[in-house]
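The values are calculated or read from the model by the stated rules, or taken from the named source; none is laboratory data. This one's a predicted model, so the numbers in the text were calculated from it and none came from an experiment. Cβ coordinates were reconstructed from backbone atoms using ideal geometry, including for glycine residues, and neighbour counts include every protein chain displayed. Each accessible area value is taken on the protein alone, full model and side chains, heavy atoms only, with ligands, DNA and RNA left out. Shrake-Rupley method; radii C 1.70, N 1.55, O 1.52, S 1.80 Å.
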Amino acid sequence: QVQLVESGGGLMQAGGSLRLSCAASGRGFSSYGMGWIRQAPGGEREIVAAINWSGTNTYYVDSVKGRFTISRDNAKNALYLQMNSLKPEDTAVYYCARTWDGSMQLVAVEYNYWGQGTQVTVSS
């Protein structure tokens, strides 16, 4: 049984930083691509960042390039998202999710396991 548990969200002023973590349980974490997906109130799910099984390939949506960094530690079954220079438009629920194979995926339907989400709120 795969479980993904996010932590690290909260309230932050614009310009601040947060680090999200995702702890994965179950077999085979190191074999799968992972992603951080966010959903703002009334908005659609958006792939913020994605990473392949080994961490050698990453993707960022244009709005977070240069500010966010996705990383993983396969020895610890952990995924991270370092978020710097936060903006009010980054406010959303952030989900950690796992793909069905080792590559990184750029659409939400390609993720078959999801965490419960962690709220990130950025005030102006």
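Numerical summary
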| quantity | calculated |
| --- | --- |
| Subset of region 70-84 that is out of contact with any Cys (no Cβ under 7 Å at 6 or more places or on another chain) and small (Gly, Ala, Ser) - its residue that is least open to solvent (accessible area, probe 1.4 Å) | 71 |
| Residue in region 53-64 that is touching a strand residue (DSSP E or B) at 6+ places or on another chain (Cβ under 9 Å), within 16 Å of residue 8 (Cα to Cα) and surrounded by 17 or more Cβ atoms within 10 Å (Cβ to Cβ) present | no |
| Exclusive hit being in contact (Cβ under 8 Å) with a residue 40 or more places away in the chain, of a type in the set (Val, Ile, Thr) and exposed (fewer than 15 other Cβ atoms within 10 Å of the Cβ), set 48, 93, 5 | 5 |
| Unique residue being at pLDDT 95 or above and closer than 19 Å to residue 6 by Cβ when the list is 16, 26, 43 | 16 |
